[in-house]
Structure formats: structure tokens, C-alpha cells
Amino acid sequence: DKAALRIENTEIRRAGQGFAVGRYPISFFNVGTAVHSYVRGNSIHHTYNRAVSIHGTTHLRILNNVAYLNMGHAFFIADGVEIHNRLENNVGLSTVSSFSLLMSDQQPATFFITNPQNTFKNNRAAGSDGHGFWFSLSDTPTGYFSYIQTCPSGLPLEEFKNNVAHSNRRDGLDIFRKWIPSTDPCLASENHKEHDNPWLKNPSVPANIENMVSWGNRRSGINALKLGDVRFVNAKVADNQGVGIAISELGYSASFTSTAISNSVIIGKTENYDKFNTCLLYTS
């Protein structure tokens, strides 16, 4: 962990190769602890395979970067074992669908998140062909690190605060398929009705999505499928063509520590609605 790679104030364009895993403009692969490394103040644009990939790496700092017209997920956390990385003050614009990468890249996210134990603060995601921010949390890690014993869909959140998403063709923020943060992540169960009180032995852990601003998206401002004790605090959601906030299934936590939307503002349409949505006709 004494080695360091620091990329700063650099322009990277027309980099990355489609149909080639790992051929990314900036890639940290299997580095381990990267506490002395950072990617700061760069512009990464018109690329063919992502912008920044974090794979098997922890404690990396991704700060003050701009990503524009990147094919596939732009800021990409890969397999679900990557923790304690900090993505702050980054801007991602016009993330483009790719049919030469993963299936999920066909509806890409500017910020693709496979482990919630990372920090996302003051980031902006606008104009993606898919999502702004996408928590894609599996029960176990995927890909190269599938053998690691951890359970991303049951892990608590490190920090998600002051992020903005707008003008994306699907959701500003998507949480799919489930997120049930628990004391023991690998015992987090969606089959809670089979037990008298599953939370007694494995208490829920609150995850606060703080100060999220999401507007002008085609499908929804915030969308989630199955949630435990995930709380949306001080959210501001407006002018989304489908729905402001959609949560399909609740109840995956104790009754006194359940999913909540608090101190938030949800507006269907403002006078700016038609300006935002001229080119974003809603489809399911």
C-alpha cells in the first residue's frame, strides 16, 4: 500500500476499446489498498469503454473529474468487493449506451455502484442514455472476485450525500434489485415472512441517502425495487416524466426502522417541465 498512482489535470480522449474487458481510459485493477493514489481534476471524454474503472481496489480517491460522452458506465465500480473509495465533486455528462460491453451497459449509469461501502458526495450525473446513479447490488460479488465472501446487497452505506441527477433517459437514482442493510449482511433475507422476528438476531442498519436532487429524468427521479432500512432524507425531486419516487416493495426491516422519505420535496411539474422534457418522451 506504499505505492501510488496519481493522475491529475490530464485530458484523456478517444481512449478505451470496445469488446475488450479492462481496456479502459483509467483502470485500477486488483491494486488492493490505494490510499496514496488518486485521480483528480481530469477530463475524460469521447471514450469507447468507460471513463474510470475501480476493480479489486480500496481507498482510492476519484475527485473533481469531468467525464463526457463515454460509452458504457462512466465511473464504474466493478465486482462488489471494492470498499472505502471516495468519489467526490465529479461531473458525468451524456453517458452513451454500449453494445460491446456488459448487458447493463446497454442502459448505462454515469455512476455504477456494486458496493454501498463507498463514499459519493457532490457528484453530478446528467444526460445519460440510462441512469444517473445505479446501485446494482448482488447477493455475492461477481466476475473476477466472485469467490470473496461478502454480500453487497446486505451491506450498510458508507456515505451518499449532495448528489444531483437530471435529464437521464431512465432514472436519476436506481436501486436494483434489492438493498437490505443489516448487521450481518449475508443473513439479510427478503424471505422475512418465514421467520417470527428475523430482525431480533440480525438488526437492520439504516442507510441515509441525503440531499439527493433529481429532476427532468424520463422514468423517475428515484426508483427502487426491494428496500430495507433505506431512508431518503432532504430529497428534492421534480419534473420527472414517469414518477417522482417509486419503491416497489417495503417491509424488509423491523417496523420501527423502516424505509422512509423525510423532509423532502416532491413536485410533479413546474413551469420548466416542458423545457426539460422536450426530447425525453416517456416509455416504460
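Structure values in brief
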{"quantity": "Candidates per chymotrypsin sites (Phe, Trp or Tyr not before Pro) in segment 3-83, loop by DSSP, up to 14 other Cβ within 10 Å", "calculated": "Phe19"}
{"quantity": "Sites Asp274 and Asn234, calculated FRET efficiency, Cβ-Cβ separation with R0 30 Å, nearest 0.05", "calculated": "0.65"}
{"quantity": "Segment Ser100-Thr183, length gained on full extension (0.36 nm per residue, minus Cα span)", "calculated": "26.1 nm"}
{"quantity": "Segment 65-205 - Kirkwood radius from inverse mean 1/r over Cα pairs (Å)", "calculated": "15.5 Å"}
{"quantity": "Violating pairs (Cα-Cα greater than 26 angstrom) within the set Lys236/Lys275; Lys201/Lys236; Lys161/Lys201; Lys178/Lys275; Lys178/Lys201", "calculated": "Lys201/Lys236; Lys161/Lys201; Lys178/Lys275"}
{"quantity": "Nearest-20 debye value, the chain charge dipole, Cβ charges on Lys, Arg, Asp, Glu", "calculated": "640 debye"}
{"quantity": "Mean accessible surface per residue for the chain, computed with a 1.4 Å probe while every protein chain stays in place, in Å²", "calculated": "45 Å²"}
{"quantity": "Whether segment 224-272 is rounded, prolate or oblate, judged on the alpha carbon gyration tensor where a/c under 1.5 counts as rounded", "calculated": "oblate"}
{"quantity": "Whichever aspartates and glutamates have a C-alpha closer than 12 Å to that of Lys121, once near sequence neighbours (fewer than 8 apart) are set aside", "calculated": "Glu88, Glu158, Glu159, Glu210"}
{"quantity": "Computed over segment 42-186: relative contact order in percent, which uses C-alpha pairs under 8 Å that are six or more apart", "calculated": "21 percent"}
{"quantity": "Charged-residue dipole, Cβ positions (Lys, Arg, Asp, Glu), segment 114-246 about Cα centre, Debye nearest 20", "calculated": "400 debye"}
{"quantity": "Ellipsoid equivalent to the chain - semi-axes via the Cα gyration tensor, in Å", "calculated": "28, 25, 16"}
{"quantity": "Potential lengthening between Tyr147 and Val66 on full extension [0.36 nm per residue; Cα-Cα distance subtracted]", "calculated": "25.8 nm"}
{"quantity": "Trypsin sites (Lys or Arg not before Pro) lying in DSSP loop within segment 33-125, provided at most 16 other Cβ fall within 10 Å", "calculated": "none"}
{"quantity": "At q = 0.24, 0.33 Å⁻¹, base-10 log of I(q)/I(0) for segment 80-119 (Debye sum, equal scatterers on each alpha carbon)", "calculated": "-0.91, -1.05"}
{"quantity": "Rounded percent of accessible protein surface that carbon and sulfur make up, segment 53-146, 1.4 Å probe", "calculated": "55 percent"}
{"quantity": "C-alpha center-to-center spacing [segment 79-129, segment 195-246] in angstrom", "calculated": "18 Å"}
{"quantity": "Cα gyration tensor shape of segment 9-93, rounded if a/c is under 1.5, else prolate or oblate by comparing a/b with b/c", "calculated": "oblate"}
{"quantity": "Karplus 3J(HN,Hα) series, Hz, for segment 44-61 with 6.51 cos²θ - 1.76 cosθ + 1.60 (x for Gly, Pro)", "calculated": "10, 9, 6, 9, 9, 7, 6, 10, 10, 10, 10, 9, x, 9, 10, 6, 8, 10"}
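The values are calculated or read from the model by the stated rules, or taken from the named source; none is laboratory data. All values derive from a computational prediction rather than experimental measurement. Every residue, glycine among them, receives a Cβ derived from its backbone with ideal geometry; neighbour counts consider all protein chains shown. Note: accessible area is taken over every heavy atom of the protein model, side chains too, but ligands, DNA and RNA are not part of it. Shrake-Rupley method; radii C 1.70, N 1.55, O 1.52, S 1.80 Å.
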